[in-house]
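J.: The structure under discussion is supplied below as structure tokens; questions concerning it will follow.
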There are 2 protein chains.
Amino acid sequence: VLGIVGLGLIGTSVALAARRRWPSVRIVGVDRPTVLLHPTVVAALNVASPDLRTIADADVLVLAAPVDVIVATLPQLRGIVPDAELIIDTGSTKRHIAGAAERAGLHTFVGGHPMAGAASGGPDLSRADLFDNRPWLLVESPDAALVSRARSFVEALGARAEVVDAATHDAVMAAVSHVPQVVASILMTLVADAATDTGLAWAGNGLRDTTRLASSPPEMWASVLASNADRIAPLLTDLGTQLQTLAAHLDDAEEIERVFRAAAAARARLDRTRRS
Amino acid sequence: VLGIVGLGLIGTSVALAARRRWPSVRIVGVDRPTVLLHPTVVAALNVASPDLRTIADADVLVLAAPVDVIVATLPQLRGIVPDAELIIDTGSTKRHIAGAAERAGLHTFVGGHPMAGAASGGPDLSRADLFDNRPWLLVESPDAALVSRARSFVEALGARAEVVDAATHDAVMAAVSHVPQVVASILMTLVADAATDTGLAWAGNGLRDTTRLASSPPEMWASVLASNADRIAPLLTDLGTQLQTLAAHLDDAEEIERVFRAAAAARARLDRTRRS
């Protein structure tokens, strides 16, 4: 029995990918009643309920809810699924959740984070192949057998498992995910206010690409940013200072070319990491 | 005879679009010798030369060089093409160029800016249909017949002409183009430094989209930013302040949700302006 708490893009895709791998697996899912009525969710689950105790029979449990919901759920699990062989989460930050799992005395918990997404959240864009060949980060643990079980599970869903410590995970995600998300969002509001609708109609693909993340679901970000604030804040502060310094040197051609050459080189480094 | 100064993405696409519309038009082009050897440029032009006097016979002249090259070229044109019926540029800022054209005594000059681009500069990605159904902004002028001529010309290339004053153009472009360009570039360097190559390999499409502009050709940006610094600097300063303010409130869930909801609403405004 596979239990899934949270049937958004990730949770529903876990169900679809598990069904693809194990056609006869029994999948039980927990979320708010409205989410459980979504046709993709209905089709993906054998049992759906808003009651957390529904996942009591789970051998493997996936927590695919927002970070704050995962943290609030962990203390309840010891009483509900004491014998689960693997409990894994998909939250966007790992230190906070790892601490909560330890305090909850969950000895089969492994932190996880699939590097997969879509243009919008929710079950609409969920896919059985969402994780195929994408990294799925696993938080290291002294229990090698447990990590090995987690690795087998996420690889069965199509992902490439990579083990990392929670602090490194959070530091990297602050840079490659959380800061770009904040920047795209604040930039979008600033640009829309300054340009008016006439100006927005003149915008090209550059603005659209740069601000695409601004359409992320607002409700999931508060707990991500709060649980990684110590890593995110220094980068945002540094970025703010660099923007203000450059604002005072816009007529310094040498400095502008230096900044843009460094950026093009950094972007080339990112492009070299692309996997097909 | 159509003259084109600058055979990059825009200038070469102007040649291809003009050839599509007027198969027997004679097109003369001026650029550095290495650029003129590019096969697409060779195929698009009837005459190619590094000598500006080559465009002496032009009835219509298009200046498709970087902003600083356009500004340096304008004073020479009165002696070379005194009778051109239309001189139009494609520079990314308009006040600076308009001033230079006026000082040069060019009475058939109209400022222009096609809202069209590609993933990289240079003739490689030039296309006859680059301007099709895209806005081509024209700077207003008291000479209605001249503006009408410019409008006919850019519409013949496939674009939708829109007339705007130079100050509005520059204010809007600061917001929808120049600031996003600076932000994408500075963010890309910051993220690459903080994440290392291992971390970059975990990045998803969000980071790739947000920093796509960082691969723009560095050499064209210095003169764009310098010629619009008074419009760009306040926006960068404001953005820097907002990032630093948010850095101090990452654990304020209400504030984070407010910021992300405003951003999602602004992004929806941008999406509504999309034209097929």
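The values are calculated or read from the model by the stated rules, or taken from the named source; none is laboratory data. These figures come from a predicted structure and were not determined experimentally. Reconstructed Cβ throughout: ideal geometry from the backbone, glycine too, with neighbour counts over all protein chains shown. These accessible areas exclude ligands, DNA and RNA; they are computed on the full protein's heavy atoms, side chains included. Shrake-Rupley method; radii C 1.70, N 1.55, O 1.52, S 1.80 Å.
J.: Open to solvent by 10 Å² or more (accessible area, probe 1.4 Å) and not polar (S, T, N, Q): which single residue out of B:ALA171, B:ALA150, B:ALA184 fits that description? Break it down into steps so the answer makes sense when it comes.
T.: Details: B:ALA150 fails: open to solvent by 10 Å² or more (accessible area, probe 1.4 Å); B:ALA184 fails: open to solvent by 10 Å² or more (accessible area, probe 1.4 Å).
Sole residue among the options that is open to solvent by 10 Å² or more (accessible area, probe 1.4 Å) and not polar (S, T, N, Q): B:ALA171.
Listed here are the residues, each with its yes/no results for (1) of a type in the set (A, V, I, L, M); (2) under 30 Å from A:PRO114 (Cβ atoms); (3) modelled with pLDDT of 95 or more.
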site	(1), (2), (3)
B:LEU130	yes, no, yes
B:LEU137	yes, no, yes
B:ALA159	yes, no, yes
B:GLN181	no, no, yes
B:SER216	no, no, no
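J.: Turning to a different aspect of this structure: If we keep just the residues of the range A:220-264 that are of a type in the set (D, E, K, R) and facing chain B (nearest Cβ under 7 Å), which is surrounded by the most Cβ atoms within 10 Å (Cβ to Cβ)?
T.: The selected residue is A:ASP238.
J.: Right, another one. Any idea which residue in the range B:129-140 is nearest to the other protein chains (Cβ to nearest Cβ), counting only those that are closer than 12 Å to B:ALA166 by Cα and buried (at least 19 other Cβ atoms within 10 Å of the Cβ)?
T.: B:LEU137
J.: So the check is Cβ under 6 Å with 6+ separation or different chains; which pairs have a first residue in the range A:190-206 that's within 7 Å of another protein chain (Cβ to nearest Cβ) and open to solvent by 10 Å² or more (accessible area, probe 1.4 Å) and a second one that's assigned to a helix (DSSP H, G or I) and of a type in the set (A, V, I, L, M)?
T.: If the second residue must be assigned to a helix (DSSP H, G or I) and of a type in the set (A, V, I, L, M), the pairs left are A:LEU190/B:LEU239; A:ALA194/B:ALA175; A:GLY206/B:LEU213.
J.: Applying the selection to the range A:92-128, what residues are open to solvent by 70 Å² or more (accessible area, probe 1.4 Å), under 26 Å from A:SER216 (Cα atoms) and part of a loop (DSSP other than H, G, I, E, B)?
T.: A:ALA119, A:ARG127
J.: Only one of these is surrounded by 21 or more Cβ atoms within 10 Å (Cβ to Cβ) and more than 23 Å from the chain's Cα centre (by Cα): B:ALA17, B:ALA84, B:ALA64. Name it. Break it down into steps so the answer makes sense when it comes.
T.: Values: B:ALA17 fails: more than 23 Å from the chain's Cα centre (by Cα); B:ALA64 fails: more than 23 Å from the chain's Cα centre (by Cα).
None of the others qualify; the one that does is B:ALA84.
J.: Which one of these does A:ARG160 not meet: (1) more than 11 Å from chain B (Cβ to nearest Cβ); (2) farther than 13 Å from A:ALA18 by Cα?
T.: Against the list (1) more than 11 Å from chain B (Cβ to nearest Cβ); (2) farther than 13 Å from A:ALA18 by Cα, A:ARG160 comes up short only on (1).
J.: Also, I was wondering about something else. Among the residues of the range A:142-189, which ones are among the charged types (D, E, K, R), more than 21 Å from A:VAL67 (Cα to Cα) and not in a helix (DSSP H, G or I)? Let's see the steps before the verdict.
T.: At the first step, the residues of the range A:142-189 found to be among the charged types (D, E, K, R) are A:143, A:149, A:151, A:155, A:160, A:162, A:165, A:170.
Now narrow it down to the ones that are more than 21 Å from A:VAL67 (Cα to Cα): A:143, A:149, A:151, A:155, A:160.
Within the range A:142-189, A:ASP143, A:ARG160 meet the criteria.
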